[in-house]
Amino acid sequence: MEKKKTERQTIGILLMLLCVVCLCMGQFIWKKYEGLLPLAAGFVIYGIGALAMLTALGFGKLSVLQPINSLSIVLSAVLGALFFQEKMTPLRIAGICTIMAGVFILTRGEKQE
């Protein structure tokens, strides 16, 4: 029984990570490219992320899964720095590390309950 619960939680976490990637990639496509095709592709990818999030919520606790969505802030900052020459200041890096630490603590706590 415990193994099945852990597997469900892991699926929920993985689906939320898929959500983060899809949401950020959809937004990235909208910012980087112009035209109807990129707009449509962005919506499709963004929609897949939204469906992944809705599905994930059936596999774990909202209090653990929803904060994982904050990793989209981390991914957006990295994409911004790599592709749009946005500055990565020490304060921004500290914020990113804080978000990542918080998500790690929350997800590890879920697996240990």
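Tabulated values for the structure
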item: Qualifying residue in the range 28-35 (condition: in contact with a Leu (Cβ under 6 Å, 6 or more places away or on another chain), at negative phi and touching a residue at least 40 places away in the same chain (Cβ under 8 Å)); result: yes
item: Residue in the range 1-42 that is surrounded by the most Cβ atoms within 10 Å (Cβ to Cβ), counting only those that are in a helix (DSSP H, G or I) and among the aromatic types (Phe, Trp, Tyr); result: Phe28
item: Options Ile73, Ile45; residue that is part of a helix (DSSP H, G or I), out of contact with any Gly (no Cβ under 7 Å at 6 or more places or on another chain) and of a type in the set (A, V, I, L, M); result: Ile73
item: Among the candidates Leu15, Leu39, residue that is under 12 Å from the mean Cα position of the chain (by Cα) and either farther than 20 Å from Leu82 by Cα or modelled with pLDDT of 95 or more (or both); result: Leu15
item: Pair list, Cβ < 8 Å and 6+ apart or interchain, from the range 81-94 residues that are in a helix (DSSP H, G or I) to residues that are surrounded by 10 or more Cβ atoms within 10 Å (Cβ to Cβ); result: Ala81/Met88; Phe83/Phe28; Phe83/Lys32; Arg92/Ala77
item: The range 4-25 residues that are more than 13 Å from Val74 (Cα to Cα), paired with ones that are outside any helix (DSSP H, G or I) and modelled with pLDDT of 90 or more (beta carbon under 7 Å, 6 or more apart); result: Arg8/Phe59; Gln9/Phe59; Ile11/Phe59; Gly12/Phe59; Leu15/Phe59; Met16/Asn69; Cys19/Asn69
item: Residue pairs meeting the criteria (Cβ under 9 Å; at least 6 apart or on separate chains; first touching a residue at least 24 places away in the same chain (Cβ under 8 Å) and within 22 Å of Lys3 (Cβ to Cβ), in the range 47-75; second polar (S, T, N, Q) and surrounded by fewer than 18 Cβ atoms within 10 Å (Cβ to Cβ)); result: Leu57/Gln66; Phe59/Thr10; Gly60/Thr10
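The values are calculated or read from the model by the stated rules, or taken from the named source; none is laboratory data. Keep in mind that this is a model prediction, so the values were computed, not measured. Glycine gets a Cβ as well: all are built from the backbone with ideal geometry, and neighbour counts include every protein chain shown.
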